[in-house]
Structures are given as C-alpha cells and as structure tokens.
1. Could you order peptides 55-61, 375-381 by the average number of other Cβ atoms within 10 Å of their residues, highest first?
2. Neighbour counts of other C-beta atoms within 10 Å: give me 299, 48 arranged from fewest to most.
3. May I ask for the distance between the Cα centers of the stretch 276-327 and the stretch 55-73, given as a whole number of Å?
4. Counting Lys and Arg as +1 and Asp and Glu as -1, each charge on the Cβ, what is the dipole of the chain about the Cα centre in debye, to the nearest 20?
5. Taking 25 Å as R0, compute the FRET efficiency from the Cβ-Cβ separation of residue 225 and residue 304 and round it to 0.05.
6. Among 473, 459, 443, flag the residue with its Cα farthest along the positive direction of the charge dipole of the stretch 404-474, charges on Cβ as +1 for Lys/Arg and -1 for Asp/Glu.
7. Based on DSSP H runs of at least 4 residues, each adding -39500 (n - 2.57), what is the mean residue ellipticity at 222 nm of the chain after dividing by all its residues, to the nearest 500 deg cm²/dmol?
8. Filter the cross-link list 37/422; 172/320; 297/347; 37/359; 221/366 down to pairs whose alpha-carbon distance in this structure exceeds 26 Å.
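Bear in mind these aren't lab numbers, they're just calculated from the coordinates by the rules spelled out. All of these numbers come straight from a predicted model, not from anything done at the bench. FYI the Cβ positions are ideal-geometry reconstructions off the backbone, even for glycines, and counts take in every protein chain you see.
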Amino acid sequence: MKQRSVHIPDVKQEFDGVDFSDSRLDDRCHLIVDRIKTDPETPFPQAMGNDNDTQGFYRFCANQAADMATINTPHFNNTARRIDRTGETIVCHDTTTYAPASASQEDGFYEVTSNTYGLNIHLALASDAETGLPLGVAGGRVVDPPPAKEYSDEQGQKKKRTPQSIWRDPDKQSRRWFETVTEVEERVEAPETLLHLLDSDADSYEAFAHLCGSRFICRLKHNRKVPVGDEQSDPRQLFELLDDAPVFMERQITVGPRKNPKQPKRKKTHPSRESRLAKLEIHAQEVTLQRPGDLPKSMPESLTFNAVAVREIDPPEGCKPISWNLLTSEPITTAEEVTAVVDNYAKRWRIEEYYDVLKNGCALSKRLPESRQSAEAVIALLIPMAWQLLWLRQLERQRSTAPADLVFPKQRLRILRARLPKGTLPPRASVRHVLAAIAQLGGHLSHNGPPGWRVLWRGYKDFTSFERGWRAAQGD
C-alpha cells in the first residue's frame, strides 16, 4: 500500500454540499444518512427510529427532486478529488439490474427481463491502479427505459422506426457507456490517468468513435468483418483474424469453479464448470474497424485500435474454452504491454463485487420501494455506503504492514485499544493488526481464513458504536 493516509471513509462527508435548492430537503437528506450510515442493511423504519422520521423518509424518496444526480453529486465530486490525488486509476463501468418484488409498470418500472419489471443501474467505480483500493463511484445513472421500436403516425397506424431514427434517439440505453466515460473525465483534472474497463455490452462502433482520445479496454461481443492489409475487398472475421495474430506469450492460470446461473440466457454464455488449471496463449495486433452501413456518414469511416485475444490451449473435453477478445487504446508493442492489457481487464470484477455489496451488504435486493422514483432515491443513498464496505474488504486483503495511523488517526487507535482485550494490538500496530482487530469484533475466527466484508462491517459497526459512547463520556 502506498505510504499515505487512507483513513476509513466517513460516509457522512460524501453527502456534504448536497443541494436540492430546498433547505428542508437538504436537512432531511442529512438526517436520513445519519440514521442509516452505521448499518445500511437495517430496515428503514427501524433505522429511522420513530413514525415521524419514517414518514419523512418515504416523503423524501418520493420527491422528484431526490434523484441520483442530485444526491450523488457530492460523492462523485469527492471521488474525482481522490482520483486527482491518486494518479493512475482504473475505472470499471458496468450495468446491473434491480428488480424489486413489488415493481410494476404502473409504478414507473420497465421490463428488464421477460415479465420482470425493475430498472437498470449503470455506475463507474474508480480504484487506485496500484493498490486496488476503491476511490468511490465517479459517475453513473439510473438507465432510462429503452425507446419504443414502433410509433403511431397521425392516422394512428403503427409503424416501425428506422435504424437511423433509433440511432439518433438521445434516450437510447447504449449511450450510457460513452456518456458516463465523458462524465467521469470532465470531473477530473487529468483524464489521461484514467483507464476505463468496459463490458461487452459496450461493443458498438458508435461507442468506440466517442472513446477516441480516452484510454480504454473493452471486451468484444460482435465478430465483425475487418479489412486485412491494404485490400479493402478482402475482409476477415475479427475473431478468426486474432486467432492467427502473433503470440506474445503463454501463461497458466487457475480457473475458479462456477455454478450454473439461474438466468436462461447466461446458461449458454456462462455455463457451470469445475476448477482447473488452464494454459493460455495471448495474441495481439492492430485492427481497423469499418463504419457499419446503417450508421450516418457523419461518423468516422474507420477506426483503428489494438486488439488482444486470450485463447485456451487444449481445454478438457466438455469444458468451454476460455476466449477473450479485447479492443483497447493501450499499446501492445511488447509482451509486458500485452500482459498489462489482460491483467488490467481482469480487474473489472471489482465492480461486480461492488454491486454484490450494494445489493446484499446494503440489502438493496430486499427493499420494496413504492415507485421507480423511490427506488432511485434509495439506490443513490446507498451508493457511498456500499463503497465504504468494499473499501474495508480491499484494505484487509492487502495485509499491509504499514503503520496503523495511516488508517486510524491516533485518537481512534486509542479508542480501539480501549474496546479490545488488553494486548490484542501490539504497541506498534500495523494496518493489518487494525483490520484483524475489527474483524475480531465482528466475530471472525482467524482459523477461518481471511474475513469477508460482512464480518468486517459488523466489527466496524461495533467499534463505531463504542466510539460514540466513548466520545460522549469524554464530552468530545
């Protein structure tokens, strides 16, 4: 870990400066945050503590002014400042579905899967490229429903929209990928320090055209035709072209086990598997993409990027071979650079962990909002809290021997010692000792392996509760 102060985030500060242009809403937002920040998985009525504040919470969430842009702007800006202090930063972009059991079309939700209503959340999680510590959510949105593919003309007859009209629609869902990149880059002082990691849903010529000038790695979904050499009339399928691209290196990795997914569509793309040792070849070369014929000529005729392909050699019979096709702005002139592309893209799992913490650690998946508006407000309130939980787990994973006061100021360290049995923390405690002590307060047993975020959060809740009592007794 870098030798600089990385004090445990104070979630309350992530709402400082929230501005609804109504002081009553500002005050209500701060009261809600103060009630739920120490235990974001507690049911809201219980966290609010009384009927008046519970009703105030529900009125706040139902207010049209309580949207993600307003609630999370302070957190997005704080994340940008942390990025500016950090330098090289990984920004993971991804979309997740939130489908509460109470959701219906009448309440403003839209169909996210067959006969299931909810909404999609798109966020960009920033993390320190060197240490992996999450710096916060740098931008995002609740995704608007997809535009209708049909419309009624003046006579009331239904007609299909043309590809050009769909492409020009400012509300189409695919715009979230490149618009969020732009949103994040406009907040920071040095956009060139950001490396954006994008899922295969971002694979579109339009997105890549907008990403020119940004640093990115995107997993490809479409096996489009690409020109070979100078002969525009001799195109090849991109993935097959990458099969024959120069091999820069071979490596072995351990592939973890995977359960059979519940969603029918994911059963084909992400089938169950046993753990195994996989041998990989990594290919790379420059590629040129041609503008699809249904896109307007105002877009560039062609785009040139680098491509990296990961191929599994001799997979076991019956196992789907590992195959990644990555498009990137990053250089690929050496084996080290090609390896960096693959290793950096592998960090995209961080945002999947973040969504797991948001849905389970903050109990988003159990919430039953009354409307899409209420759902957006609840999600926005929980976004910084999920970041704090993820931060604790990532810090513990580093097992850092750096001095403890990098995480806990000296006064908090004294309070932690007072909470623990005498001798638990050594005189010169490290960050690792502090996190182990917090996990112990959460009920963790050392022989059970590294603690997860749930036990760390339980321990941190125990400590902060003790800390409040200690400070009250001291008149602090």
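1. Values: 55-61: 17.6, 375-381: 24.7.
Ranked by mean Cβ neighbours within 10 Å, highest first: 375-381, 55-61.
2. Details: 299 15, 48 20.
The order, fewest Cβ neighbours first, is 299, 48.
3. With the stretch 276-327 and the stretch 55-73 each reduced to a Cα centre, they are spaced 42 Å.
4. Dipole about the Cα centre, nearest 20: 1980 debye.
5. Values: r = 15 Å, r/R0 = 0.61.
The value I calculate is 0.95.
6. Among 473, 459, 443, the one farthest towards the positive end of the dipole of the stretch 404-474 is 473.
7. Values: 15 runs with 176 residues, N = 476.
It lands at -11500 deg cm²/dmol.
8. 37/422; 172/320; 297/347; 221/366
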